[in-house]
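These notes concern the structure reproduced below.
The values are calculated or read from the model by the stated rules, or taken from the named source; none is laboratory data. Treat the numbers as computed from the prediction; the structure is a model and nothing was measured. Cβ atoms come from the backbone with ideal geometry, glycine included; neighbour counts cover every protein chain shown. What goes into the accessible areas is simple: the full protein's heavy atoms, side chains included, and nothing from ligands, DNA or RNA. Shrake-Rupley method; radii C 1.70, N 1.55, O 1.52, S 1.80 Å.
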Amino acid sequence: MKQNRIQKKLQEDKKLLSIYFTAGYPNLDDTVKVIQDLEESGVDLIEIGLPFSDPLADGPTIQDSSTKALNNGMHTELLFEQLAAIRKTVSIPLIIMGYFNPVFQYGVEAFCEKCKEVGIDGLILPDLPLDVYQEEYESIFKEYGLINVFLITPQTSDARIKAIDEASDGFIYMVSSASTTGAKTGFGEVQKSYFDRIANMQLKNPQIVGFGISNSQTFDQATTKAKGAIIGSAFIKHLTEHGPEKIADFVQGIR
Amino acid sequence: MRNPLSIEVKLKKIPAYVGMTKIMSYHANEKGYYGEFGGAFIPEMLYPNCEELRQKYIQIMEEPSFKEEFDQLLKDYVGRPSPLYFAERLSNKYNTKIYLKREDLNHTGAHKVNNTIGQILMAKRLGKNRIIAETGAGQHGVATATVCALMGIECVVYMGEIDIARQAPNVARMKMLGAEVRPALSGSKTLKDATNEAIRDWINNPVDTHYIIGSVVGPHPYPDMVARFQSVISEEIKAQLLEKEGRENPDYVVACVGGGSNAAGAYYHFLDTPEVGIIAVEAAGKGIHSGESAATSALGKVGIIHGSKTLLMQTDDGQITEPYSISAGLDYPGVGPLHAHLFKSGRGEFISITDDDAMKAGMELSKLEGIIPAIESSHAFAILEQRKFNPSDIVVINLSGRGDKDLQNYIDYFKL
Ligand SMILES: Cc1ncc(COP(=O)(O)O)c(C=O)c1O
């Protein structure tokens with residue numbers, strides 16, 4: 001398989017900043033502008049949230065943005081329409097993050113085909129489990145050049161982390177603590193020893209830490225050992241307060 | 001006498017089953033699939049908990065000390081066995097033989113407690129010291145708060161903000177029993193959102209907490225575990241029918257289906273006995289195509305809800321939609337994967353009943369038999385007006401709960 005944008009980006013000799021936002025939020029037509037401004041501000045990866053009615057793994061901030069985006073009229077086909085010309089203006093890796101049911105309803109193969117068509121590089125579907133992915137969908141993802149990103153948490157056993165590492169060909173999404181998404185104030189000893197434990201495992205895939213990263217301090221803590229970090233809820237809060245403006249200010253505040 | 005596993009073992013030895021292409025094919029396989037439905041579509045954060053449960057639940061349920069404690073509590077605390085009552089006046093009216101399985105006589109007023117007793121014992125053996133649950137009408141919340149009080153374990157019940165307002169007596173009961181009732185403020189603020197909140201709580205408290213789910217829904221192994229705890233219903237029906245009619249198998253077993261736990265329990269030991277007809281009754285609300293309905297088998301498509309692949313009500317875009325029924329306990333946008341499989345395979349006959357027909361049936365049962373049913377259960381009785389049975393048929397209707405909790409609804413509806 002030819003290297004995709006995620007794999008290339010991971011080879012760069014720097015700590016990566018990934019930003020999550022919900023498509024169609026705060027306004028239905030903000031999706032493209034937010035992506036463009038994030039790239040211009042120097043972000044390394046973008047996770048585009050496909051909103052879902054029942055986002056089990058998300059805290060209140062992302063729940064609210066999802067509800068708002070759906071009320072704005074966001075849906076799967078519309079997201080692909082909005083992204084149709086995105087590769088004319090944006091070159092950094094783009095990942096769609098969402099829940100499995102909307103993808104399943106669209107048709108997994110049709111969804112993957114569309115992703116390839118508009119230039120999506122990977123997917124994060126937290127409720128698509130490893131075994132189902134491997135048995136039913138891996139070949140489809142590969143056919144369309146998509147990287148599937150798996151999550152691990154402080155409770156994930158070493159054996160399972162190794163299985164996930166084996167099944168991954170991009171990066172591993174390291175959930176910082178046992179929690180739903182949402183900005184916290186800092187990482188304690190428990191997180192530090194978890195970060196150390198994973199670093200010591202010498203996995204073949206680099207790790208990017210997510211959940212609970214909100215500012216430069218938490219970004220630095222998370223990336224002491226890991227390759228990068230993902231900011232979601234804190235950026236959504238920025239969008240809620242400022243609209244799709246001053247995105248560069250937010251990003252510069254992180255690093 | 002009652003252990004939900006012994007009959008299963010016995011059944012496997014009955015010669016009639018040898019030679020069937022698939023033995024026990026309506027039960028979950030090792031990965032929790034019923035045909036194409038089931039499984040565990042969970043975020044990685046829930047994997048360790050679900051996996052621990054998956055590895056241990058059968059083993060724990062089969063431990064003699066577990067069975068003993070479970071049976072003892074069902075007998076002395078819940079009041080089992082619940083009677084199998086021959087409803088003579090109802091039978092005369094519909095010209096068939098109708099038996100009622102009296103789950104309404106259980107402590108806390110419904111079948112829900114069979115499951116919560118089982119799960120609290122499970123939680124103790126897993127070393128958990130905090131319980132969470134979701135509830136719609138409050139019946140499962142009350143049954144959970146009850147067993148937590150019994151065991152002296154901390155209990156948090158998530159309940160949609162809207163349901164808290166319309167089910168005040170059950171909220172008060174849970175509080176008296178020492179539970180904390182937390183409002184689910186997200187989404188549509190009803191049962192599905194309360195379930196989301198409970199799952200989120202579990203994600204945030206993975207080590208000390210056990211989630212007592214209230215029906216045969218959710219990720220594997222919940223549907224199978226809850227069905228096994230509820231299977232005491234059909235185990236008793238077999239023994240009671242043998243005593244009364246000289247035969248173990250009725251011609252039909254009828255139950256209402258919200259998530260499907262009382263139905264799963266009533267069908268369990270008959271699933272692989274094709275001569276027993278299985279009738280599942282869903283809530284049509286104001287009519288299947290009224291836009292206000294909970295008839296999942298008619299309106300649902302295959303999808304994923306709360307960690308399970310099953311039939312669920314959703315938009316073309318895969319967003320889960322809000323169901324409606326006059327009975328809060330049937331107001332769930334999915335059904336357990338067992339029921340999706342019974343529907344898809346044709347093993348079960350699915351009938352949906354409107355609010356109006358259910359309310360009439362509830363009134364009729366009260367007048368003819370002196371039993372005021374829960375509105376959920378009223379749905380099961382309403383099929384008698386629509387579905388003809390032979391005079392010689394033995395029809396067992398699972399009377400899943402009593403109507404006390406629904407009095408205000410009956411009052412408002414009939415202007416009593
Ligand atoms: C009396 C009664 N019957 C039925 C139900 C529906 O649940 P299930 O389909 O899991 O039996 C409920 C749920 O609250 C209930 O209280």
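Observations
- Beta carbons closer than 8 Å, at least 6 apart along the sequence or on distinct chains, never pair a first residue in segment B:92-118 that is on the phi < 0 side of the Ramachandran plot and within 14 Å of chain A (Cβ to nearest Cβ) with a second that is open to solvent by 10 Å² or more (accessible area, probe 1.4 Å) and within 10 Å of the ligand (Cβ to nearest atom).
- Of the strands (runs of 3 or more DSSP E) contained entirely in segment A:160-250, those carrying at least 2 residues that are open to solvent by less than 50 Å² (accessible area, probe 1.4 Å), touching a Leu at 6+ places or on another chain (Cβ under 8 Å) and more than 14 Å from every other protein chain (Cβ to nearest Cβ) fall at A:228-231.
- Residues located in segment B:178-203, provided they are over 14 Å from B:THR135 (Cα atoms), open to solvent by 40 Å² or more (accessible area, probe 1.4 Å) and at pLDDT 95 or above: B:GLY178
Yes/no per residue for (1) within 30 Å of A:PHE211 (Cβ to Cβ); (2) open to solvent by less than 60 Å² (accessible area, probe 1.4 Å):
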| residue | (1), (2) |
| --- | --- |
| B:CYS50 | yes, yes |
| B:LYS56 | yes, no |
| B:ILE60 | no, yes |
| B:TYR77 | no, no |
| B:TYR94 | no, yes |
| B:TYR99 | no, yes |
| B:ARG102 | no, yes |
| B:ALA110 | no, yes |
| B:ASN115 | no, yes |
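- Scanning segment B:326-339 for residues that are buried (at least 24 other Cβ atoms within 10 Å of the Cβ) and near the ligand (Cβ under 10 Å from one of its atoms), we see that the one that is farthest from B:GLN408 (Cα to Cα) is B:HIS339.
- Residue list for segment B:293-313, restricted to those being touching a Gly at 6+ places or on another chain (Cβ under 7 Å) and of a type in the set (A, V, I, L, M, F, W, C): B:ALA294, B:ILE305, B:LEU311, B:LEU312, B:MET313
- Any hit, segment B:280-289, residues being more than 23 Å from B:ILE162 (Cβ to Cβ), within 13 Å of the ligand (Cβ to nearest atom), open to solvent by less than 10 Å² (accessible area, probe 1.4 Å) and not β-branched (Val, Ile, Thr): yes
- Looking across segment B:303-322, not a single residue is more than 8 Å from chain A (Cβ to nearest Cβ), more than 19 Å from the chain's Cα centre (by Cα) and within 21 Å of B:GLY348 (Cα to Cα).
- B:SER25 being at pLDDT 95 or above and not charged (D, E, K, R): no
- Segment B:91-103, residues that are assigned to a helix (DSSP H, G or I) and touching a Ser or Thr at 6+ places or on another chain (Cβ under 7 Å): B:GLU103
- Qualifying residue in segment A:34-44 (condition: among the charged types (D, E, K, R) and touching a Gly at 6+ places or on another chain (Cβ under 8 Å)): yes
- Residue that is surrounded by the most Cβ atoms within 10 Å (Cβ to Cβ) [pool: residues in segment B:240-279 that are within 25 Å of B:PRO323 (Cα to Cα) and polar (S, T, N, Q)]: B:ASN262
- Single match in B:LYS128, B:LYS175 (criterion: closer than 26 Å to B:ARG54 by Cα, surrounded by fewer than 24 Cβ atoms within 10 Å (Cβ to Cβ) and more than 16 Å from the ligand (Cβ to nearest atom)): B:LYS128
- Applying the condition of being in a helix (DSSP H, G or I) and open to solvent by less than 10 Å² (accessible area, probe 1.4 Å) to segment B:382-405 and asking which residue is farthest from B:ASP331 (Cα to Cα) yields B:LEU384.
- Only one of the listed residues (B:SER392, B:SER366, B:SER345) is among the small types (Gly, Ala, Ser), under 23 Å from B:LEU105 (Cα atoms) and away from every other protein chain (no Cβ under 14 Å). That residue is B:SER366.
- Contact annotation: residue pairs with Cβ atoms under 8 Å, 6 or more positions apart or on different chains, pairing a residue in segment B:211-224 that is away from the ligand (no atom under 12 Å from the Cβ) with a partner that is of a type in the set (Lys, Arg) and in a loop (DSSP other than H, G, I, E, B), are B:HIS220/B:LYS31.
- Residue in segment A:137-144 that is under 21 Å from A:LEU16 (Cβ atoms) and assigned to a loop (DSSP other than H, G, I, E, B) present: no
- Scope segment B:146-170; condition out of contact with any Ser or Thr (no Cβ under 7 Å at 6 or more places or on another chain), within 14 Å of the ligand (Cβ to nearest atom) and in a helix (DSSP H, G or I); matching residues: B:ARG166, B:PRO169, B:ASN170
- Residue check, B:ILE383 away from chain A (no Cβ under 14 Å), over 17 Å from the mean Cα position of the chain (by Cα), within 13 Å of the ligand (Cβ to nearest atom) and at pLDDT 95 or above: no
- Exactly one residue out of B:ILE351, B:ILE372 is among the β-branched types (Val, Ile, Thr), open to solvent by 60 Å² or more (accessible area, probe 1.4 Å) and either within 16 Å of the ligand (Cβ to nearest atom) or farther than 17 Å from B:ILE279 by Cα (or both): that is B:ILE372.
- Some residue of segment B:152-163 being touching a Leu at 6+ places or on another chain (Cβ under 8 Å) and either within 11 Å of chain A (Cβ to nearest Cβ) or surrounded by fewer than 20 Cβ atoms within 10 Å (Cβ to Cβ) (or both): yes
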